[in-house]
Amino acid sequence: YAERFGGQLVLVTGAASGIGRATAFAFAEAGARVVAVDRDAEGAARTAEMARLIGAPEAWGEAVDVSDEQAMEKLAATVAAEYGIVDVLVNNAGIGLTGSFLETTSEEWKRVLDVNLWGVIHGCRIFGAQMAARGQGGHIVNTASAAAFQPSRALPAYNTSKAAVLMLSECLRAELAGRSIGVSAICPGIVNTNITATTRFAGVSDTAEEKRRQRKASRLYGLRNYPPEKVADAILGAVLHDRAVVPVTPEARGVHALSR
Ligand code: NAD
């Protein structure tokens, strides 16, 4: 995608790690100016620094928790004033949570929905309004998951958050189509990132039990080795070709086909 995004301003959330970082780099390589947003300030700054080395004419790191509506409003105002209106927004920040429905506490449900769902809603609403007001089009990409198509016993809160992200993306796509603003939902299967290492286990207080479950989960995740760079490529492709729902990884394509 060399130079395909030259002159464009791209904002990626969850850009300190995994899919978000790979996406920031891919847009940098394609010539975009990049805003790397993450609650991890140091990681966001590092992504920005590397993005400049890779080819972004300009890149900035911003420390923001996407679930914090006021912080997102402030981010949007700062970015608009200092760097310009965002052409491509990638709402990618997300957290995992393993644990059965009945084991998951309401606080744990809230935290997952606050980040994975509300973080995306804030991004779409606040930056989408800026794009619409400018009247020159744009694109919003939301990282959902293959978990949006297929229920599981292991990750019910996560599944629920991602199904909601898929639906809100399709609703927003219909609403913004007339304004030349595309909306895409990216739905990866299992990708080799830190999320598997940082996923918390609901309802587990005993550390020995937690360790056992983490070993089991990492064995499961270890079966797959899909690189985040390929998800980043799918994200750039979704923007360039204005794709609505994009399953990425073989198992995601499989469950997507079965769900229709
Ligand atoms: P990751 O843990 O490597 O990266 C996630 C990043 O998001 C981290 O840098 C983290 O600090 C940041 N983040 C988390 N909560 C945040 C918040 N409240 N505010 C700002 N930043 C926050 O994981 P990843 O696999 O790259 O995940 C990226 C997205 O892809 C997530 O939405 C995830 O659900 C989705 N996804 C991942 C997989 C997979 O197998 N890795 C599969 C499908 C979907």
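All of S152, S184, S169 fail the test of being in a helix (DSSP H, G or I) and of a type in the set (S, T, Y), apart from S169.
Table: residues versus (1) within 24 Å of G7 (Cβ to Cβ); (2) out of contact with any Asp or Glu (no Cβ under 8 Å at 6 or more places or on another chain); (3) surrounded by 20 or more Cβ atoms within 10 Å (Cβ to Cβ).
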site: V112; (1), (2), (3): no, yes, yes
site: R125; (1), (2), (3): no, yes, no
site: A157; (1), (2), (3): no, no, yes
site: P188; (1), (2), (3): no, yes, yes
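Which residue is nearest to the ligand (Cβ to nearest atom), if the candidates are limited to the stretch 101-153 and must be at pLDDT 95 or above, out of contact with any strand residue (DSSP E or B) (no Cβ under 8 Å at 6 or more places or on another chain) and charged (D, E, K, R)? The extreme case among them is D114. Every listed requirement among (1) more than 10 Å from the ligand (Cβ to nearest atom); (2) within 19 Å of the chain's Cα centre (by Cα); (3) at pLDDT 95 or above is met by T98 save one, (3). When A132 is tested against (1) free of Cβ contacts under 8 Å to residues at least 60 places away in the same chain; (2) part of a helix (DSSP H, G or I); (3) under 15 Å from the mean Cα position of the chain (by Cα), exactly one condition is not met: (3). Looking across the stretch 224-260, the residues that are part of a loop (DSSP other than H, G, I, E, B) and in contact (Cβ under 8 Å) with a residue 24 or more places away in the chain come down to R224, N225, Y226, P227, D242, R243, A244, T249. Residues of the stretch 23-39 that are in contact (Cβ under 8 Å) with a residue 60 or more places away in the chain, among the small types (G, A, S) and buried (at least 24 other Cβ atoms within 10 Å of the Cβ): A26 alone. Take the conditions (1) in contact with a strand residue (DSSP E or B) (Cβ under 9 Å, 6 or more places away or on another chain); (2) buried (at least 24 other Cβ atoms within 10 Å of the Cβ); E42 misses just one of them, which is (2).
Residue-by-condition table, conditions (1) more than 8 Å from the ligand (Cβ to nearest atom); (2) within 19 Å of G128 (Cα to Cα); (3) at pLDDT 95 or above:
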site: G6; (1), (2), (3): yes, no, yes
site: E42; (1), (2), (3): yes, no, yes
site: A48; (1), (2), (3): yes, no, yes
site: E73; (1), (2), (3): yes, yes, yes
site: A93; (1), (2), (3): no, yes, yes
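T78 meets each of the listed conditions (1) without any contact (Cβ under 8 Å) to a residue 24 or more places away in the chain; (2) crowded, with 21+ Cβ neighbours inside 10 Å apart from (2). Only one of the numbered conditions (1) under 23 Å from L236 (Cβ atoms); (2) in contact with a Ser or Thr (Cβ under 6 Å, 6 or more places away or on another chain) is not met by W118, and that is (1). Please enumerate the residues belonging to the stretch 1-21 that are under 14 Å from the mean Cα position of the chain (by Cα) and surrounded by fewer than 24 Cβ atoms within 10 Å (Cβ to Cβ). Scanning the stretch 1-21 gives S17, G18.
The values are calculated or read from the model by the stated rules, or taken from the named source; none is laboratory data. No experiment lies behind these values; they were computed from the predicted model shown. All Cβ positions, glycine included, derive from the backbone under ideal geometry; neighbour counts span all protein chains shown.
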